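S.K.: This is the structure I want to talk about, given as structure tokens.
Bear in mind that the values in this text are calculations on the coordinates, not laboratory data. From a predicted model like this one, the values you see are computed outputs, not experimental measurements. Cβ: placed from backbone, ideal geometry, glycine included. Neighbour counts: every protein chain shown.
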Amino acid sequence: MPLGDWETALATLVVTRGSALGPDGLRRGALGGLNLTAAELDWLGWQAGSPGFAMTCRIQRWWREIRLRWAARLTLALLGPSRSTEAIAAYLDAVPSFSLFIVSEALAFLDFVLDTASAAPHDFVPDTALRVPHLPAVAHFERALLAAAQAAPLSAGVPPGATMVEFDVPPEALLTAILRGDPLPEPDGDKYQVLVSPVLRHRWQCLSPEEARLLETGCHACQIVLAS
Amino acid sequence: MDPFALPPRLGVGLTYQRGLHGAFTECADLIDFYEISPDLLCREQPGADGGALRFQPDLFAEALDWCAGRPVVVHGLGLSIGSAHGWNEGYLAILDDFHARCPFAWHSEHLGFLTAQRPDGRLLHAGVPLPVPFTEEALALLVPRATALGQRYGVPFLLENLTYYLPNLPADGGRDEVMFLNDLAGRSGCGLLLDLYNFHCNAINLGFDARTALSRLKLDQVVEVHLAGGTTHDGFLLDVHSDAVPEPVWELFEWVAPRAPHLGGVVYELLEQALPVVGVEGVRRQLERARRVWQKCSPTARKGGGAYATR
């Protein structure tokens, strides 16, 4: 078989963990457009059943999980051990591999968490799995930090736009509680704004209500995220 | 066939990662050179297919500062030299940028592919390096690419043998992995980065004798050796760079080193996340042992740590 088709077939099998083969035939689905002989399809089918293939697929998912656990620590700490494992597994099943870069993978994961947390319940995510207090704010905040790191100027010049994230509780108290595993603070009725920007020291800072009002009215380059 | 370019003799090296700075300081007297992966100093700008790569200025400057005063070699992660649809031009762009700012003694990549092309033309990312088949078609793809990379910067280009877990890869001409590496090196003139831990993993996982297989390898084109340790899972030995070098791998190195006349250096690979496991003292022991083998096999090497004993 042409080398390109062989590589496409093998990579497709790894990405789909063998499911691209289909239940009754090897010519359907993702492998349908490839120029493969019957013998080659037999080899692929045999490979997909081998322990070595299963290990290859497992390694691919491990590396992706390692990247997420390194880069999305706040959000995963807030979710807790079992929900974070569920969220990672659901993400890996839903979003095929697309990059070896940690930040790119983490951004996609946080987008997935945010989309899932705000979506109506559906089959692969239990109703309460992602209904976690403060999750949208924390995931937005962590996403903004990663995006700010990506957007930091490569040379002198005007930095790209900032992101403002709104919390229901004092952000420093919430983030400290998450990192320490302490009980989370309860909302007190006030709103708290955090500015995330690549030019800030530590890339974020809390804003006073006046500062937040000024930025909201004057900063057209700001992406305002109302996380509640 | 392009002539094989002789490398400089550098000595014993360590992989550069930010989390290993403590080891760099404590083991400075044992480190002759650093191996840098430019990909780890980059950010990825989003794009339709893979995106563009740019160095992060602070990471790049920090790496150059830590490596100052010692030779540097490059070990890439993202070129995907074995991809039939095309290799990663974005990676070559950053490699050009890196070379302009920090010339390297040689550069290397993994012998495998990361990406393929879907039937609709879109990019498919495997997420893990996959092996190429041991076929004439694969050689026809790889030989000109390896030759071109050997000419690009005027320094040797090396290809590293992968760990892989898939049995019975397609092969023609009676080839196995060793014969394939020999054909590739022989036809292109590229050097070999012999990862002895990867070779050991494949021998254990796929069932062959590593020493017998190595005796057939073109050792005169081995420029660099990688040493590492890993872990076992579900009966497979995994290449994770997470531990000290196991004794069978040391034995392979002790056998290979005196038989590789153009060996330019040996690198201990360790993931920064594994430093707490191995410890700085553990890193010292790996470097000390590698140095003892290196000095036994290269009598012209300077005693006591090479030319770059102080930072």
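S.K.: What helices in chain B pass both tests, a Cα length along the helix axis of 30 Å or more and a mean Kyte hydropathy of 0.5 or higher, using whole DSSP H runs? Working shown, then result.
M.R.: Values: long enough: B:275-297 (31 Å, -0.47).
Span-like helices in chain B: none at all.
S.K.: Relative contact order, percent, of the range B:172-311 when contacts are C-alpha pairs under 8 Å separated by at least 6 residues?
M.R.: Details: 179 pairs, mean separation 29.9, N = 140.
Computed over the range B:172-311, the figure is 21 percent.
S.K.: Hey, another quick one. Using the C-alpha gyration tensor of the range B:26-148, what are the square roots of 5 times its eigenvalues, in whole angstrom, with the largest one first?
M.R.: On the way: eigenvalues 167, 65, 27 Å².
With the √(5λ) rule applied to the range B:26-148, the semi-axes are 29, 18, 12 Å.
S.K.: Would any residue of the range B:158-175 have its amide N under 19 Å from a label point 7 Å out along Cα→Cβ of residue A:54? List them or say none.
M.R.: Answer for the range B:158-175: B:164-168.
S.K.: Now for a different question. If you build a Gaussian network model of chain B, linking Cα atoms that sit under 10 Å apart, which residue out of B:207, B:121, B:279 swings the most?
M.R.: Residue with maximal mean-square fluctuation among B:207, B:121, B:279: B:121.
S.K.: Figure the gain on full extension for residue A:118 and residue A:70 (residue separation times 0.36 nm, minus the Cα-Cα span) and round it to one decimal in nm. Can you show the working numbers first?
M.R.: Working: separation 48, 0.36 × 48 = 17.28 nm, distance 2.42 nm.
Residue separation times 0.36 nm, minus the Cα-Cα distance, leaves 14.9 nm.
S.K.: Something else about it: Collect residues whose amide H, placed 1.01 Å from N in the peptide plane, falls under 5 Å from the amide H of residue B:229; neighbours closer than 5 in sequence don't count.
M.R.: Residues meeting the criterion, in which the H sits 1.01 Å from N, are B:241, B:242, B:243.
S.K.: According to the square roots a ≥ b ≥ c of the eigenvalues of the Cα gyration tensor, what is the shape class of the range A:64-124, taking rounded for a/c under 1.5, prolate for a/b larger than b/c otherwise, and oblate for the remainder? Don't skip to the answer; put the middle values down first.
M.R.: Numbers: a/c = 1.72, a/b = 1.26, b/c = 1.37.
Note, shape of the range A:64-124 comes out oblate.
S.K.: Counting only C-alpha contacts under 8 Å and six or more residues apart, can you give the relative contact order of the range B:210-289 as a whole percent? Present the calculation step by step, with values, prior to reporting the outcome.
M.R.: On the way: 99 pairs, mean separation 29.1, N = 80.
In percent, rounded to a whole number, it is 36.
S.K.: Which length gain, in nm to one decimal place, applies between residue B:77 and residue B:136 when the Cα-Cα distance is subtracted from 0.36 nm times their residue separation? Write down the numbers at each step before the final one.
M.R.: Working: separation 59, 0.36 × 59 = 21.24 nm, distance 2.44 nm.
My answer for the length gained is 18.8 nm.
S.K.: Share of antiparallel DSSP beta bridges in the range B:76-230, in percent to the nearest 5?
M.R.: Details: 4 of 16 bridges.
Counting DSSP beta bridges with both partners in the range B:76-230, the antiparallel share is about 25 percent.
S.K.: Here's a follow-up. Between residue A:184 and residue B:65, what's the calculated FRET efficiency when r is the beta-carbon distance and R0 is 35 Å? Round to 0.05.
M.R.: Working: r = 41 Å, r/R0 = 1.17.
Working from the Cβ atoms, E equals 0.30.
S.K.: Antiparallel DSSP bridges in the protein assembly as shown: what percent, to the nearest 5?
M.R.: Of the beta bridges lying entirely in the protein assembly as shown, close to 40 percent run antiparallel.
S.K.: How high is the relative contact order of chain B, in percent, counting Cα pairs under 8 Å that sit 6 or more residues apart?
M.R.: Values: 590 pairs, mean separation 71.9, N = 311.
Once normalised by length, the contact order is 23 percent.
S.K.: Please label the shape of the range B:76-197 as rounded, prolate or oblate, based on the square roots a ≥ b ≥ c of the eigenvalues of the alpha-carbon gyration tensor (a/c under 1.5 means rounded; beyond that, a/b larger than b/c means prolate, else oblate). Mind showing how you got there, number by number?
M.R.: Details: a/c = 1.75, a/b = 1.20, b/c = 1.46.
Cα axes put the range B:76-197 in the oblate bin.
S.K.: Also, quick follow-up: What order do you get for B:296, A:191 when you list them from fewest to most C-beta neighbours inside 10 Å?
M.R.: Working: B:296 12, A:191 15.
With the sparsest Cβ surroundings first, the list reads B:296, A:191.
S.K.: In addition: Build a GNM of chain B with springs between Cα atoms under 10 Å: which of B:174, B:90, B:150 gets the top mean-square fluctuation?
M.R.: Per the Cα network of chain B with a 10 Å cutoff, B:174 tops the list.
S.K.: Suppose R0 equals 22 Å. What FRET efficiency, 1/(1 + (r/R0)^6) with r the Cβ-Cβ distance, do residue B:28 and residue A:200 give to the nearest 0.05?
M.R.: On the way: r = 35 Å, r/R0 = 1.60.
Calculated value: 0.05.
S.K.: For residue A:89 and residue B:231, what does the FRET efficiency come to when R0 = 25 Å and r is the distance between their Cβ atoms, rounded to the nearest 0.05?
M.R.: Details: r = 22 Å, r/R0 = 0.87.
Once rounded, the FRET efficiency stands at 0.70.
S.K.: Taking the number of other C-beta atoms within 10 Å as the exposure measure, put B:250, A:62 in order starting with the fewest. Don't skip to the answer; put the middle values down first.
M.R.: Values: B:250 17, A:62 14.
Arranged by neighbour count, lowest to highest, B:250, A:62 become A:62, B:250.
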